[in-house]
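Below: one structure, written as structure tokens.
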Amino acid sequence: MDLETDDPRWKVIHADMDAFFAAVEVLDDPSLKGKPLVIGYPGPRGVVSTASYEARKFGIHSAMPSTEALRRCPDAIWRSPRGRRYGEVSRMIMEVFREFTPTIEPLSVDEAFLDISGSLKLFGGAICIGKGIRKRVFEETGGLTVSIGIAPNKFLAKLASDLDKPDGMTVVDPDRIQELLDPLPVKKIWGVGPRMTHSLQEIGLNTISDLRRVGIELLQRRFGENSAQRLWNLAHGQDDRGFGEGGPTKSISTENTFTKDISRGTESDQFLRKAAEEIAESLRRQEWRARTLRLKVRLSSFKTYTRSKTMDNPIVDAATLYQTGRNLLEEIELEGEGIRLLGLGAAGLVPADEPIQNTLFGEDTANRKDEKVTRLLDQAKDDQGSSLLKRGSLVSPPPETSRGGRHSATKEKDEA
Ligand SMILES: [Mg+2]
């Protein structure tokens, strides 16, 4: 391909680490190099978290039941995930990405979109930036590789980073986007999952080229105005999503409908403590702090209330999340009714490394201390692969949870 290295149409890079968890394990224990390695728990209820490229040759992939992986490759080496270590390396690579642009949008611990539109001149073009990222990631981490996609928009950048894995760099020629897209199966389109793939195949649309030729009217009749327009745009390589504030996760929440309506007091406290712990853990793992805490309450009569509080200093510690949730619940007039559903959520997420204002009363020091303790608990959980270790307040058995006997706490992540 004969490409100018300073094409200003290349605005987005998608950087995605290769077999991240497995690669970190190999980095820390070079004797694993070149071997089929599976990160996960090999028990009957376990699933594969990450498979090394050597293990993938046996057909093992993420989210596969561990029993299936064991069947496919009995000789594979298994390692338990070490979240704390992956988090540490994740911070390193995100820092590297920020060397090239202040605007990054992490999609998970090991991948991010970079808005490079303002950095092109400074670094001598998108290809120089791509090369620079690969070099700096390798140096900073002591040997990890990252795959890069360079394109005019997010959809194409993410698609591209996957085309030459591992340790590859794919540049989408802005004048030949259709040539790239047309032969690809429809499932390569952002947001097209197994169900949509099936629906499209049912009407004979297997490739992006099929989709493009069929005309938007048929898609509209079949999938509705909005989905049709989205499919149509993406099939033409058009994606106008920008870079939002605060990254892809806008809120983290958990809620529970109780088997039997509960009252305010011990039972609601128990739920709030547990929810606060879960949210705090989720925030820490994703490197966020929350500015806003939301409480949702549904009473026996189905009357539903939401209350929220926005903090001056973003929080991450379970104790503050719990206390704030408790205070919000106190504000609600229950009028003698039982509580059918409780939900607690964190919103207004900001990156954890954003500097925090100093407070006059040393509150922040207390929060930080708490953060340290909970981080150690996370680590212990990761190391043992169990949740036996809980904070004192959680040692007592949890209240009866959802109706129907299954725990139905749900975590919602709003994709931007
Ligand atoms: Mg990856």
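Among the residues in segment 176-197, are any over 28 Å from the mean Cα position of the chain (by Cα), part of a loop (DSSP other than H, G, I, E, B) and of a type in the set (Lys, Arg)?
Within segment 176-197 (the criterion being over 28 Å from the mean Cα position of the chain (by Cα), part of a loop (DSSP other than H, G, I, E, B) and of a type in the set (Lys, Arg)), the answer is yes, since at least one residue qualifies.
Looking at (1) modelled with pLDDT of 95 or more; (2) out of contact with any Lys or Arg (no Cβ under 6 Å at 6 or more places or on another chain); (3) assigned to a helix (DSSP H, G or I); (4) open to solvent by less than 60 Å² (accessible area, probe 1.4 Å), can you tell me which one PHE138 breaks?
(4)
Determine, yes or no, whether GLN220 is of a type outside the set (D, E, K, R), under 30 Å from GLU330 (Cβ atoms) and either buried (at least 17 other Cβ atoms within 10 Å of the Cβ) or outside the structural domain of ASP115 (by TED's automatic domain parsing) (or both).
For GLN220, the condition - of a type outside the set (D, E, K, R), under 30 Å from GLU330 (Cβ atoms) and either buried (at least 17 other Cβ atoms within 10 Å of the Cβ) or outside the structural domain of ASP115 (by TED's automatic domain parsing) (or both) - is not met.
Looking at GLY43, is it at pLDDT below 95 and surrounded by fewer than 18 Cβ atoms within 10 Å (Cβ to Cβ)?
Values: at pLDDT below 95: yes; surrounded by fewer than 18 Cβ atoms within 10 Å (Cβ to Cβ): yes.
Answer is yes for this residue.
Please enumerate the residues belonging to segment 46-83 that are of a type in the set (Ser, Thr, Tyr) and closer than 18 Å to PHE20 by Cα.
Result: SER49, THR50, SER52, TYR53, SER62, SER80.
Can LEU107 be described as within 16 Å of the ligand (Cβ to nearest atom), open to solvent by 20 Å² or more (accessible area, probe 1.4 Å) and not in a helix (DSSP H, G or I)?
Working: within 16 Å of the ligand (Cβ to nearest atom): yes; open to solvent by 20 Å² or more (accessible area, probe 1.4 Å): yes; not in a helix (DSSP H, G or I): yes.
Considered against the rule, which asks whether it is within 16 Å of the ligand (Cβ to nearest atom), open to solvent by 20 Å² or more (accessible area, probe 1.4 Å) and not in a helix (DSSP H, G or I), LEU107 comes out as yes.
Quick test of your reading of the structure: SER119 fulfils all but one of (1) within 13 Å of the ligand (Cβ to nearest atom); (2) open to solvent by less than 30 Å² (accessible area, probe 1.4 Å); (3) among the hydroxyl-bearing types (Ser, Thr, Tyr). Name the failing condition by number.
It is condition (1) that SER119 fails.
From the residues in segment 152-185 that are acidic (Asp, Glu) and touching a helix residue (DSSP H, G or I) at 6+ places or on another chain (Cβ under 9 Å), which one is farthest from the ligand (Cβ to nearest atom)? Spell out the reasoning first.
Kept after step one, since they are acidic (Asp, Glu), are these residues of segment 152-185: 162, 164, 167, 173, 175, 179, 182.
Cutting the leftovers down to touching a helix residue (DSSP H, G or I) at 6+ places or on another chain (Cβ under 9 Å) gives us 162, 167, 173, 182.
Details: ASP162: 9, ASP167: 12, ASP173: 24, ASP182: 26 Å.
This residue is ASP182.
Select, from ALA15, ALA51, ALA23, ALA76, the only residue that is open to solvent by less than 40 Å² (accessible area, probe 1.4 Å), over 25 Å from the mean Cα position of the chain (by Cα) and either within 14 Å of the ligand (Cβ to nearest atom) or of a type in the set (Gly, Ala, Ser) (or both).
On the way: ALA15 fails: over 25 Å from the mean Cα position of the chain (by Cα); ALA51 fails: over 25 Å from the mean Cα position of the chain (by Cα); ALA23 fails: over 25 Å from the mean Cα position of the chain (by Cα).
Exactly one residue qualifies, and that residue is ALA76.
Select, from THR254, THR306, the only residue that is among the polar types (S, T, N, Q) and buried (at least 16 other Cβ atoms within 10 Å of the Cβ). Step through it out loud before you land on a result.
Numbers: THR306 fails: buried (at least 16 other Cβ atoms within 10 Å of the Cβ).
The conditions single out THR254.
Any idea which of GLY83, GLY124, GLY149 is surrounded by fewer than 21 Cβ atoms within 10 Å (Cβ to Cβ), within 16 Å of the ligand (Cβ to nearest atom) and small (Gly, Ala, Ser)? Please lay out each step first, then the result.
Numbers: GLY124 fails: within 16 Å of the ligand (Cβ to nearest atom); GLY149 fails: surrounded by fewer than 21 Cβ atoms within 10 Å (Cβ to Cβ).
Step by step, each of GLY83, GLY124, GLY149 is checked, and only GLY83 is surrounded by fewer than 21 Cβ atoms within 10 Å (Cβ to Cβ), within 16 Å of the ligand (Cβ to nearest atom) and small (Gly, Ala, Ser).
Can you work out which of the residues in segment 305-338 that are within 25 Å of the chain's Cα centre (by Cα) and among the polar types (S, T, N, Q) is nearest to ARG289 (Cα to Cα)?
The selected residue is ASN313.
The values are calculated or read from the model by the stated rules, or taken from the named source; none is laboratory data. Note that the structure is predicted; figures quoted are calculated from it, not measured. Note that we place each Cβ from the backbone using ideal geometry, even for glycine, and neighbour counts take in every protein chain shown. Heads up: the accessible areas ignore ligands, DNA and RNA and are worked out on the full protein's heavy atoms, side chains in. Shrake-Rupley method; radii C 1.70, N 1.55, O 1.52, S 1.80 Å.
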